[in-house]
Amino acid sequence: MSLIFPKWLNLLPTAAAIGGLLGFTGVVGGFWYYATPKFFKVGYMPKQPGGGFNHQIHAGKLGLDCRYCHTKVEKSAEANIPNVATCYGCHADNRLAKLATSETHKERTQFVREAYAQNTSIEWRRVHKVPDYVRNFPHNIHINAGVSCYSCHGQITAMPVVFEAQPLSMSWCLDCHRNPESQVVPRDKVTQLQWVQEEFARRSAAGDNGVAEGKKLLDAVQANPPQNCGACHY
């Protein structure tokens with residue numbers, strides 16, 4: 001009696017199981033990589049009015065302290081952006097004449113003078129934002145605990161256009177709260193980003209990532225980063 005089905009069909013269930021497992025693994029792996037903030041948030045760089053605020057020039061070359069513009073960062077949960085009057089203080093026509101700036105610079109900063117003359121705000125597009133259910137990131141608490149701007153925002157002083165340097169995900173935040181010693185610096189250094197970058201490199205080269213030194217700093221401010229849900233989701 002001849003066979004109705006060929007023998008190779010006996011392998012079909014096994015092949016289907018293996019294919020299904022590989023497909024499922026691929027879907028999970030793809031979602032794990034592509035649907036996380038580390039992939040779709042890092043590098044986010046929205047287009048800004050007037051070509052954007054060049055931190056590389058202002059904070060890097062000119063050495064402006066972060067708090068010159070973000071004036072409330074030590075007292076408020078929000079890192080406020082400056083009003084038009086602050087920008088106009090440096091970019092007014094009479095100031096430009098004294099500085100003998102180029103025509104290109106005048107053209108690129110014209111939107112500041114126009115906004116000031118019209119008494120309107122500059123509609124900067126927000127780069128760093130945590131989800132609404134997190135409530136917000138309390139800048140004042142972190143700054144006063146010795147967490148530098150560098151830890152979350154990267155080397156801002158080298159960015160012509162600001163982009164998101166870290167994923168700002170829950171796991172990323174918890175990693176820091178569980179091991180805060182490696183991220184804290186003296187409070188008078190938090191906005192000196194070049195110093196912080198070099199300090200972190202020095203600690204890394206020393207082999208302990210600054211754990212011992214960081215613990216001393218944490219003890220000095222009596223900081224104990226919370227890990228419970230209610231600390232952020234409230």
_Leading residue by the ranking (modelled with the lowest pLDDT) among those in segment 92-122 that are touching a Ser or Thr at 6+ places or on another chain (Cβ under 9 Å) and under 15 Å from P49 (Cα atoms)_ = T109
_Residue list for segment 92-101, filter: in contact with a helix residue (DSSP H, G or I) (Cβ under 8 Å, 6 or more places away or on another chain) and either under 30 Å from L174 (Cβ atoms) or part of a loop (DSSP other than H, G, I, E, B) (or both)_ = A92
_Sole exception among (1) over 24 Å from Q56 (Cα atoms); (2) in a loop (DSSP other than H, G, I, E, B); (3) over 17 Å from the mean Cα position of the chain (by Cα) for P82, by number_ = (1)
*asked:* Restricting to segment 1-40, and then to whatever is of a type in the set (S, T, Y) and loosely packed, with under 10 Cβ neighbours inside 10 Å, can you tell me which residue is farthest from the chain's Cα centre (by Cα)?
replied: S2
_Residues of segment 111-141 that turn out to be farther than 22 Å from Y44 by Cβ, in contact (Cβ under 8 Å) with a residue 40 or more places away in the chain and in contact with a His (Cβ under 9 Å, 6 or more places away or on another chain), as a count_ = 1
_Single residue of segment 132-159 satisfying the filter (under 21 Å from G230 (Cβ atoms) and among the polar types (S, T, N, Q)) that is surrounded by the fewest Cβ atoms within 10 Å (Cβ to Cβ)_ = N136
*Could you check how many residues of segment 102-128 are part of a loop (DSSP other than H, G, I, E, B) and crowded, with 16+ Cβ neighbours inside 10 Å?*
4
*Any idea how many residues of segment 41-77 are acidic (D, E) and either loosely packed, with under 14 Cβ neighbours inside 10 Å or in a helix (DSSP H, G or I) (or both)?*
1
*Quick one: what pairs do we get from segment 187-199, first residue farther than 21 Å from K215 by Cβ, second acidic (D, E), C-beta under 7 Å, 6+ apart or different chains?*
T191/D65
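Each row is one residue, and each column tells you yes or no for (1) touching a Pro at 6+ places or on another chain (Cβ under 9 Å); (2) acidic (D, E); (3) at pLDDT below 95.
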position: T157; (1), (2), (3): no, no, no
position: P160; (1), (2), (3): no, no, yes
position: P167; (1), (2), (3): yes, no, yes
position: W172; (1), (2), (3): yes, no, yes
position: H177; (1), (2), (3): yes, no, yes
position: P180; (1), (2), (3): yes, no, yes
position: R187; (1), (2), (3): no, no, yes
position: L193; (1), (2), (3): no, no, no
position: F200; (1), (2), (3): no, no, yes
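Return the only residue of E213, E164 being assigned to a loop (DSSP other than H, G, I, E, B) and among the charged types (D, E, K, R).
Result of the check over E213, E164: E164.
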*All but one of (1) without any contact (Cβ under 8 Å) to a residue 12 or more places away in the chain; (2) closer than 16 Å to K41 by Cβ; (3) surrounded by 16 or more Cβ atoms within 10 Å (Cβ to Cβ) hold for V162, so report the exception by its number.*
(1)
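The values are calculated or read from the model by the stated rules, or taken from the named source; none is laboratory data. Bear in mind that the values here come from a model prediction, so they are computed numbers and not experimental data. Methodologically, a virtual Cβ is constructed for each residue, glycine included, from the backbone with ideal geometry; neighbour enumeration extends over all protein chains shown.
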